[in-house]
Amino acid sequence: MNKNITVIPRHGSSLKDKLYLPAIYDGVKVTFKHFFKNVSDINAVDTLEYPEEQPTDITERYRGLHRLTHRPDDSIACVACFMCSTACPSDCIFIEATEREDGHDEKMPKSFFIDTLECIFCGYCVEACPCDAIRMDTGIFSLTGSSREDFIMDKEQLLSHKGAFGEENSCARD
Amino acid sequence: MSEMVEVIVDDQTFHAEKGSLLIDLLIKEKVKVPYFCYHEALGADGNCRMCMVEIEGQKRPQIACDTFIKEGMEVRSKGENIEKVRTNILELELINHPVDCPTCDQAGECSLQNFYMDYGLHDTKITIPEKEKGLKKVDLGSNVILDQERCVLCARCTRFTDKITGTHELGIIGRGDHAKVSTMPGKKLDNPYAMNVVDLCPVGALTSKDFRFSQRVWFLKTVESVCHGCAKGCNIYIDHNKIKYQDDVIYRYRPRRNDEVNGFFICDEGRLSYKGLQENRQHEIVLDNEVISEDEAIEALKDLVKKYKSNITVIIDANLYTEDIEAILNFSKEIEANVCAPLDIYRDEDFKDDMLKSAQRAANYKTIENLSLETKIPEKCELLINFNHPGKFEAERSIDFRTHQDPDAAFILPLASYVESSGHITNEEGITQHCQKALSKNDPLPTVIEWLEKVSV
Ligand code: SF4
Ligand code: SF4
Ligand code: SF4
Ligand code: SF4
Ligand code: FES
């Protein structure tokens, strides 16, 4: 016999296990403990009355709705390099590049769409961007619309979103 | 034929011609060796120093592009020593390089990027943040844009205009850090093969105005095909892509090496011919200004063929694939029609030159000649069935199969273009070559063969 083999005893064959009732009792005990605790002090229950009440635990690392950042002179930071759309696992970033004439770099997006219905909010686009041009630090966690098209964010919408944590401009572009 | 000798490269033995270039052997045997300035069509220049290898008995590493093969030569292309040399040379190359890969069209097919991944990956020793500045966008002419900062001064582009086209538009001016590629004063890059410098440039210093920023190269799919611009039949790569929710589109043609036909290059007109292929296409079946369905069209066509029985002329375009031409010949036999393929219209003496361009501007005219098809259209002809021939012909009634719109056609049936199907063509030298299907359209149009299968009785 190979001495490296450890034999684990099988559970469930004792009389106590076969009766099931003790196990059920253990489970129900936990349920009722919470039930009576909550009923006795209803205000201590951790429930958010959304949307009247808004969450307070959105932190800097929270991946909210995307935004496109600006340079200090307010021009777009994105250089249309397609790194974000290459990294995107759901293929939901649609960019069309064009020549840039304002003296910064040579390239910028003519159009930039994110289909937020296809987006899985993984944040890979933010990781991939070499220009700190796309961020998910808007703190926006809820999106509404009355048609599918409402959820396709265009360049202007993405540029209009504000950062929620102080850092407004791209840290990589000047 | 000179003597074949044995050469040892990294413990492998190869046979090569005595006195030939070592780098040619390494390229042929796919031994990995980095190089910028050497190019098989342009020869050695020895300026980039990237192609260093160690040769037994030589004190210092040698450049493979200027080393001639000798009997019993022992070469080392890998190992710590030589890789250190390469890293150092690359570091020199990168001193002034802007490393703006995110905005550079070459990214993904750039030698500098590739070599950096293979041999670089170093921390720079340069501590001054400023790099030598250059112009980022110089329009050299002929659709070629120069970024002086990205240039590695390999002189491939200048040697192309010196040795291949003999037009001498490009030169390198200045010395050291200030050396820059430029056109001669008052001159523009202006020759019918100019855009080849974009492919020759190993980095993103020369980019094509036509392709610039339209796609990142890693999204493109590539198929092998043959240009239909003239009877030369230059080999090309077709780079295409289907963006999500859009249609499959060609973004560029690139030359494909074939020493028997075009060598390394193609002409600019052929390179840009993909554009015309995608514009003004015919999509609907139209009969007397009315869009009709395919079934109605087949019915109408059959009726016409029946009505004009034994007075039908079929006209064949000399750009169609041989397979299509054969299918048309079978169909014509079936309906007892005369067949002709007028060739005069394709002749264009102004297009011809002594490099690649041929005066016969029909890709498959040789097949028409080989099949000895009639090239004169008969005097009297009542029903004319035209398979995409560009000419205009008189007839009582005509049926036009067309890839592109034709406002004069009364009964027009859309046809897939050559990039939307596959087949063979024979070039003017009699070389038969295969073209792969490049595009799979969202709404594919029928090919000649598909149409004929539908209408044959
Ligand atoms: S968060 Fe993820 S899925 Fe959404 S756009 Fe970015 S990369 Fe794509
Ligand atoms: S957002 Fe960033 S990664 Fe995406 S295209 Fe713009 S610069 Fe490139
Ligand atoms: S522009 Fe390109 S091909 Fe010409 S010298 Fe510079 S790197 Fe070489
Ligand atoms: S020479 Fe003719 S076949 Fe070759 S690329 Fe030019 S047009 Fe096309
Ligand atoms: S390829 Fe040999 S020196 Fe450039």
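What is the ratio of the Cα radius of gyration of the stretch A:1-48 to 2.2 N^0.38 Å, with N the residue count, to two decimals?
On the way: Rg = 19.9 Å, N = 48, 2.2 N^0.38 = 9.6 Å.
The value comes to 2.08.
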Dipole in debye (nearest 20) - the protein assembly as shown, about Cα centre, beta carbon charges: Lys, Arg +1; Asp, Glu -1: 1820 debye
- prompt: With charges only on Cβ, +1 for K and R and -1 for D and E, what is the dipole size of chain B about its Cα centre, in debye, rounded to 20?
  reply: 1480 debye
message: Quick check for you: with a 1.4 Å probe and neighbouring chains kept, what is the accessible area per residue of chain B, in Å²?
response: 48 Å²
task: May I ask you to work out the translational diffusion coefficient for the stretch B:393-446 at 10 °C, viscosity 1.306 mPa s, via Stokes-Einstein with Rh from the Kirkwood sum over Cα pairs, reported in whole µm²/s?
output: 118 µm²/s
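For peptide B:98-105, how many partner chain Cβ atoms fall within 10 Å of a residue's Cβ, on average? Mind showing how you got there, number by number?
Working: counts 0, 0, 6, 3, 12, 11, 3, 3.
Across the residues of B:98-105, the mean count of other-chain Cβ atoms within 10 Å is 5.
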Residues of the stretch A:90-107 buried by at least 30 Å² on assembly (accessible area, 1.4 Å probe, chain alone as reference): A:Phe94, A:Glu99, A:Glu106, A:Lys107
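Just want to confirm a number: the relative contact order over chain B, from Cα pairs under 8 angstrom separated by 6+ residues, in percent.
11 percent
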query: Which peptide among A:6-12, A:76-82 comes first, and what is the full order, when sorted by highest mean count of other Cβ atoms within 10 Å?
result: A:76-82, A:6-12
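Which of the GluC sites (Glu not before Pro) found in the stretch B:104-144 are loop residues per DSSP with 11 or fewer other Cβ atoms within 10 Å of their Cβ? Walk me through the numbers on the way to the answer.
On the way: sites: B:Glu109, B:Glu130, B:Glu132; in loops: B:Glu109, B:Glu130, B:Glu132.
Sparse-neighbourhood loop GluC sites (Glu not before Pro): B:Glu130.
Can you give the mean number of other chain Cβ atoms that lie within 10 Å of the Cβ atoms in peptide B:211-217? List each step's numbers first, then the result.
On the way: counts 0, 5, 11, 3, 2, 8, 0.
Taking the mean over all residues of the peptide, I get 4.
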- prompt: Ratio of Rg to Rh for the stretch B:286-455, alpha carbon only, Kirkwood?
  reply: 0.96
message: Am I reading the A/B interface right? What is its buried accessible area, both sides, 1.4 Å probe, to the nearest 100 Å²?
response: 1400 Å²
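Heavy atoms only, 1.4 Å probe, whole protein assembly: order B:Lys302, B:Lys352 by accessible area, highest first. The partial results should precede the final answer.
Working: B:Lys302 60, B:Lys352 115 Å².
Reading off the accessible areas and sorting them downward yields B:Lys352, B:Lys302.
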- request: Mind pulling up the Rg/Rh value for chain B? Radius of gyration and Kirkwood radius, both on Cα.
  value: 1.07
- request: Would you tally the net charge around B:Gly43, using a Cβ to Cβ cut-off of less than 12 Å, leaving B:Gly43 out, and scoring K and R as +1, D and E as -1?
  value: -2
- request: Mind checking which lysines have their Cα closer than 27 Å to the Cα of A:Lys37? Skip sequence neighbours fewer than 8 apart in that chain.
  value: A:Lys29
A:Ser40 versus A:Asp74: modelled label distance in nm, points set 7 Å from Cα along the beta carbon direction: 6.1 nm
- request: Excluding residues fewer than 8 places away in the same chain, name every one of the aspartates and glutamates whose C-alpha is closer than 17 Å to that of B:Lys275.
  value: B:Asp210, B:Asp239, B:Asp247, B:Asp248, B:Glu420
message: Give me the inter-chain shielding for B:130-137: mean count of other chain Cβ atoms within 10 Å, whole number please.
response: 1
statement: Charge tally for neighbours of B:Leu92 with beta carbon under 14 Å away, counting Lys, Arg as +1 and Asp, Glu as -1, is +1
task: With label points built 7 Å along Cα→Cβ from the Cα atoms of B:Asn114 and B:Ile126, find their separation and express it in nm.
output: 2.3 nm
query: Does a label point 7 Å from the Cα of B:Gln246, set along Cα-to-beta-carbon, have any residues of the stretch A:111-135 with amide nitrogen under 17 Å, and which are they?
result: A:111-115
query: Along its principal axes, what span do the Cα atoms of chain A show, with the longest given first and each in whole Å?
result: 82, 59, 32
- request: Taking 10 Å² as the minimum loss, tell me which residues in the stretch B:244-267 lose that much accessible area going from the chain by itself to the full protein complex (1.4 Å probe).
  value: B:Lys244, B:Tyr245
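How much of the accessible area of chain B, probe 1.4 Å, is carbon plus sulfur, in whole percent? Could the numbers behind the result be given before it?
Details: 10550 of 21880 Å².
Here carbon and sulfur together make up 48 percent of the probe-accessible area.
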field: For the stretch B:207-297: span of alpha carbons on each principal axis (Å, largest first)
entry: 49, 34, 22
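Just need the Rg to Rh number for the stretch B:1-156, please, alpha carbons only, Kirkwood Rh. Write out the running numbers ahead of the final one.
Working: Rg = 17.6 Å, Rh = 17.2 Å.
Over the Cα atoms of the stretch B:1-156, Rg/Rh equals 1.02.
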- line: Per the Cα gyration tensor, the stretch B:4-78 corresponds to an equivalent ellipsoid with semi-axes, largest first in Å, of 18, 14, 11
- prompt: Spin-label point model (7 Å from Cα, Cβ direction): what's the B:Leu153 to B:Phe393 distance in nm?
  reply: 6.2 nm
query: Can you list the equivalent-ellipsoid semi-axes of the protein assembly as shown, largest first and in whole Å, using the square root of 5 times each Cα gyration tensor eigenvalue?
result: 54, 43, 29
statement: Of all DSSP beta bridges having both residues in chain B, the percent classed as antiparallel (nearest 5) is 70 percent
- line: log10 I(q)/I(0) for the stretch B:158-315, Debye formula on C-alpha points only (no solvent), q = 0.10, 0.16, 0.17, 0.19 Å⁻¹, two decimals, reads -0.58, -1.01, -1.08, -1.22
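The values are calculated or read from the model by the stated rules, or taken from the named source; none is laboratory data. Quantities reported herein were computed from a predicted structural model and do not represent experimental measurements. Cβ: placed from backbone, ideal geometry, glycine included. Neighbour counts: every protein chain shown. When the accessible area is computed, the model is the full protein with side chains, heavy atoms only, and any ligands, DNA or RNA have been set aside. Shrake-Rupley method; radii C 1.70, N 1.55, O 1.52, S 1.80 Å.
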